[in-house]
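Coordinate-derived values only; no laboratory data. Note that the structure is a prediction, hence the values are computed from the model and not measured. Using ideal geometry, Cβ is built from the backbone for each residue, glycine included, and neighbour counts are taken over all protein chains shown.
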Number of protein chains: 2
Amino acid sequence: MDNLDLCEANNVPLTPITFLKRASECYPNRTSIIYGQTRFTWPQTYERCCRLAASLITLNIAKNDVVSVLAPNIPAMYEMHFAVPMAGAVLNPINTRLDATSITAILRHAKPKIFFIDRSFQPLAQEVLHLLSSDNSNLNLLVIFIDENDYPKRVSCDELDYECLIQRGEPTPSFVARMFRIQDEHDPISLNYTSGTTADPKGVVISHRGAYLCSLSVIIGWEMGTCPVYLWTLPMFHCNGWTFTWATAARGGTSVCMRHVTAPEIYKNIVMHSVTHMCCVPTVFNILLKGNSLDLSHRSGPVHVLTGGSPPPAALVKKVQRLGFQVMHVYGLTEATGPVLFCEWQDEWNRLPENQQMELKARQGLSILGLAEVDVKNKETQESVPRDGKTMGEIVMKGSSIMKGYLKNPKATFEAFKHGWFNTGDVGVIHPDGHIEIKDRSKDIIISGGENISSVEVENVLYKYPKVLETAVVAMPHPMWGETPCAFVVLEKSETTNKEGREDKYVTRERNLIEYCRENLPHFMCPRKVVFLEELPKNGNGKILKPKLRDIAKGLVAEDEVNVRSKVV
Amino acid sequence: MDNLDLCEANNVPLTPITFLKRASECYPNRTSIIYGQTRFTWPQTYERCCRLAASLITLNIAKNDVVSVLAPNIPAMYEMHFAVPMAGAVLNPINTRLDATSITAILRHAKPKIFFIDRSFQPLAQEVLHLLSSDNSNLNLLVIFIDENDYPKRVSCDELDYECLIQRGEPTPSFVARMFRIQDEHDPISLNYTSGTTADPKGVVISHRGAYLCSLSVIIGWEMGTCPVYLWTLPMFHCNGWTFTWATAARGGTSVCMRHVTAPEIYKNIVMHSVTHMCCVPTVFNILLKGNSLDLSHRSGPVHVLTGGSPPPAALVKKVQRLGFQVMHVYGLTEATGPVLFCEWQDEWNRLPENQQMELKARQGLSILGLAEVDVKNKETQESVPRDGKTMGEIVMKGSSIMKGYLKNPKATFEAFKHGWFNTGDVGVIHPDGHIEIKDRSKDIIISGGENISSVEVENVLYKYPKVLETAVVAMPHPMWGETPCAFVVLEKSETTNKEGREDKYVTRERNLIEYCRENLPHFMCPRKVVFLEELPKNGNGKILKPKLRDIAKGLVAEDEVNVRSKVV
């Protein structure tokens, strides 16, 4: 057995860039990309990526060099997910919702050789470049703009822009051979900065191997069949579009690109291109609910929606499913290269009432096949929690689709990998049926009188109250209990337009809401304060900024304390 | 980037045995195995496998030791696909249709430490053991019998049998930790002997990594959803059941085991357990056609059938689909760990007439995602053939699911991996739509007057002729053309029962068949001789033995020669 050496034929590094070559050979007539009037087939996308990679090699981009990009979900962004690693480099997609200071911090840390910028972000980019030039970071940065509408027309290239690189690229056979023969599957493919809300963002380095395994896993988890039509609602800069940049190529799918995520754009594209699949964070459900429902009479099936980023409130899932979307809930992390838990539908759930179905659907679910193990452990003892659906612990995992680590941050990397597991920092339980449910981020847990309160659990109850559009529950200091829940609530628009008597209404409504919670939750879990806002503070990814809310909550006084004080007075 | 070391959390060897642990955790209430009155859940199968592996470790089974097994599709056979590699050993499933001499040759070559034998094969096994003892192969073989019906009852263990090993096994935490932590994903997991028809069988060594990747690939290729009910018509000894031993665990599926593959058993199990999936070679279609059709009125969908081993004649696919089976065609090799080409259904085929659909379905199809590359190359120049659906070449492939090599056979291993590819020895074409179609085994190609004739192509035409049940076309020597096709044909039973005038009928029928071929094929491709047989000679896997037919053909005279000779006389 030991004499069988590995060779070129039976030991090929795993990388998702092979999906591109395969798609061009296996699906030669299929549309790879749709974007407005632009259409590409898989052989065209293959050729464009080879040309771009050849240009990058000619520009002396070498192994492990970083190539940053600031762009919305346009074809160039999709192509770079292949072309940049094909040149041996590491793609660094930057969140377009960040401000100039944050982007500058990322560039200073990532030290890219090239910075691709979509023309629409030129003002923001100029601010960034100004900030960069003002300090002494000797960043030798080549800036290349991506222009809209120029795809087919431009013939001569005066300035170096994206289309020009594609035209100039000469994918010679030796270049192409090199592009599809990576040296080590553990080599980095992408560098994604997490939207750290507390400290400086951390650069997550993911590998070819991890991206490959995660891509296959999400296809299986979602049961995504051959040749899907995938709508790009989820930003590609967000964890490489949860690896669907690569997974759609693996499936010979069509990527419908969109510059702006609005209800009319989404509905128009779904109808026009017979979209079958899309991903989004639950906040996009609110966008969908504001638009028209899908006309299902012209469709052979629903649009499959993968949602994650935060637990989708059961009530919201129910509403959006009625519009013609089939929701599957996943849980993922940038550090895990993408989604890692899929809430697989179980046949026996079909017999349950709708409300219960939606609650089961809101759980995070079962481990993907690409991971070796997922567990929930007591943070102190490092023992697995019982599978009782009650005992909370930290969700931990191991497997080859976990990140290589945080770039130039050995301390954070060490912390993340302590005890031989990747420690997510998320708190959850395991139900007797094997499904994992997240109760909170470690730091979002509210500890009241020594009892752990899952803010998510309180939020789920609030979401069921009529006219509640969005809510977030955080800890508020309490003289007796240490902490107590404070709820921030956004009401549906119709509830806030009538200015007269609004303040009074709010006071009554706060009492009503707290009363309602007491009927539906253990007393200690009920918010003692409800604050009504026009909208919740969110970060660039649409995640609610709980630290900001905690800051506000620090200055508030609980309802029962008000009563105590007035009695004292 | 270079400072990010791999660690326990982010670098776990790929192995399909993780599927078992995951299934026991994610699908705790689901049935893993059904066999007659026997039922196991996934946690039970997990425990049984851990116990068996612990027993094997206690019996001093160590890394790379071979464990052979001679058994039909019973639960023990399924369990050993996990338990044996969990003990660090290599599973060697032996074809139960082989004779004692062939099995002895395999054991002499594989040198197993343990030989598990299903009690029904005791006479055959005793013959084997007798042959082994008669020579001086100092094979220190521990024989363990697998007994039927004893599963739940036996309490004390006097002799060492399979159930006894499971009862005795003590899966201590340190044993279990070791079972699920393999050292190197390139380590061998299984040793499968190919049914070489010409020379001694070759022992194909496949790796944990290959088995893992192939399992994920077949799930994706077949679009196998969660929790399938899988009927074991395909022998597990045949290339590990095309990796579905492992893939069903990955999907939390139920394995319906069957000792004998007969039409009544198949239909009974399908109805009783709501079977959703099964695999078989096309010859099983003939078994299905002899039985009743499925009563689809009680089913929510068809039974998905994966077929391969030899190209399924379009006419046969059409017939079996009408019975309620949904056929997908794959092409695989033991050397590639399982299926490697999947004939993915393309939406636009829906608009074509049924006959054309069946012909498209009979093509081998598109590369699985687990392979890095598949190509068809000119054997002389090593250049890729044009994608014209006409130019023939050898099908070659590379990727991590290709075998490690042939055990103790460096010459055959070297030949197989020449030019940096795995050379399949199969001759095919690539169609403009990217689908690969096999025209023949290299050695089955008929060369007539310098023209290559695909025997499969002639067979496909013959299959469409009324009352033709089975056929095989081989080369027959010809004084003018070198070789010419000779067809062997089995007619449906009704055609052969009337003994009177049968010989005359055959003569007329031969003329008619040749005439029919001339109307449907280029003249040089038409058989010049048709021989009617009661049945075709087949090997242990149900593959038609073309070398035997070639031997018969050598002694025959072509039709046109008869005419020439009679004129001369």
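Run the Debye formula on the Cα coordinates of the stretch B:374-415, all scatterers equal and no solvent, and tell me log10 I(q)/I(0) at q = 0.17, 0.20, 0.25 1/Å.
Cα-only, vacuum Debye calculation for the stretch B:374-415: -0.60, -0.74, -0.89.
Across peptide A:414-423, how many C-beta atoms of other chains are within 10 Å of each residue C-beta, on average?
Going residue by residue through A:414-423 and averaging, the value is 2.
If the convex hull of the alpha-carbon atoms of the stretch B:1-140 is projected onto planes in all directions, what is the mean projected area in square nanometres?
So the Cα hull casts an average projection of 11.8 nm².
So what's chain B giving for Rg/Rh, alpha carbon basis, Kirkwood Rh from the mean inverse pair distance?
Result: Rg/Rh = 0.98.
Cβ neighbours within 10 Å, averaged per peptide: list A:359-369, B:110-120 in order, most packed at the top.
Ranking the peptides A:359-369, B:110-120 by packing returns A:359-369, B:110-120.
Which entries in B:K398/B:K529; A:K268/A:K493; B:K379/B:K464; A:K505/A:K546 show an alpha-carbon gap greater than 28 Å?
Long pairs (Cα-Cα over 28 Å): B:K398/B:K529; B:K379/B:K464.
Over what distance in Å are the Cα centres of the stretch A:101-126 and the stretch B:184-248 separated?
Computed from Cα coordinates, the inter-centre distance equals 48 Å.
Where both residues lie in the stretch B:218-377, what percent of DSSP beta bridges are antiparallel, nearest 5?
Here the antiparallel bridges make up roughly 30 percent for the stretch B:218-377.
Using only the alpha-carbon atoms, what does the stretch A:208-253 span along each of its principal axes? Please give whole angstrom values in decreasing order.
Extents along the principal axes, in whole Å: 24, 23, 16.
Using label points projected 7 Å from each Cα along Cα→Cβ, tell me how many nm separate A:E265 and B:R168, to one decimal.
6.9 nm
Going 7 Å from Cα along the Cα-Cβ axis for the label, what nanometre distances separate A:G291 from the same residue across the other copies?
Here the equivalent label points are 4.9 nm apart from this one.
For the stretch A:67-85 and the stretch B:370-406, what is the centre-to-centre distance using only Cα atoms, to the nearest Å?
Each part's Cα centre sits 32 Å from the other's.
Take peptides B:14-23, B:122-131, B:480-489, B:404-413 and line them up by average Cβ neighbours within 10 Å, highest first, as a rough protection proxy.
B:14-23, B:480-489, B:404-413, B:122-131
Every other copy gets compared here: list the nm distances from the A:Q356 label point (7 Å along Cα to Cβ) to its counterparts, shortest first, one decimal.
Listed shortest first, these distances are 5.1 nm.
Whole percent per 5 Å bin, from 0 to the bin with the longest distance: what is P(r) over all C-alpha pairs of the stretch B:240-341?
2, 11, 23, 24, 22, 13, 3, 0, 0
Shape of the stretch A:74-124 from its Cα gyration tensor (a ≥ b ≥ c, root eigenvalues): rounded if a/c is under 1.5, otherwise prolate when a/b > b/c, or oblate?
It is oblate, given that a/c is not under 1.5 and a/b is not larger than b/c.
Report, as an integer, the average count of C-beta atoms from other chains found within 10 Å of each Cβ along A:204-210.
Mean partner shielding for this stretch: 2.
Taking 2.2 N^0.38 Å as the expected size of a compact globular protein, what ratio does the Cα radius of gyration of the protein assembly as shown give against it, to two decimals?
Output field value: 1.01.
Can you figure out the FRET efficiency of A:T508 with A:R441, using R₀ = 22 Å and their beta-carbon distance, to the nearest 0.05?
Efficiency for this residue pair is about 0.10.
If the label for B:S384 sits 7 angstrom from Cα along the Cα-to-Cβ line, what are its distances to the same label in every other copy, in nm to one decimal, shortest first?
Sorted ascending, the copy-to-copy spacings read 4.7 nm.
For peptide B:368-374, how many partner chain Cβ atoms fall within 10 Å of a residue's Cβ, on average?
Going residue by residue through B:368-374 and averaging, the value is 6.
Take the alpha carbon atoms of the stretch A:413-487, find their center, do the same for the stretch B:422-473, and report the distance between the two centers in whole angstrom.
If we compute the Cα centre of each part, the gap is 63 Å.
Any idea how far apart B:H273 and A:F524 come out in nm if each label point goes 7 Å out from Cα toward Cβ?
According to this spin-label approximation, the distance is 4.9 nm.
Relative contact order of chain A: what whole-number percent is it, with Cα pairs under 8 angstrom and at least 6 residues apart?
Relative contact order, chain A: 11 percent.
Place the peptides A:213-224, A:432-443 in order of packing, highest mean first, counting for every residue the other Cβ atoms within 10 Å and averaging per peptide.
In decreasing order of mean packing, A:213-224, A:432-443 become A:213-224, A:432-443.
Which entries of A:K404/B:K111; A:K319/A:K443; B:K377/B:K538; B:K202/B:K439 have Cα-Cα distances beyond 32 Å here?
In this structure, A:K404/B:K111 exceed 32 Å between Cα atoms.
Rounded to whole Å, how close does chain A get to the rotation axis onto B by Cβ? Give me the residue too, please?
Looking at chain A's Cβ atoms against the axis toward B, the nearest is A:L216, 3.
Please give the length that would be gained between A:K467 and A:H130 if that part of the chain were fully extended, namely 0.36 nm times their separation in residues minus their C-alpha to C-alpha distance (nm, one decimal).
Stretched out fully, the A:K467 to A:H130 stretch lengthens by 116.8 nm.
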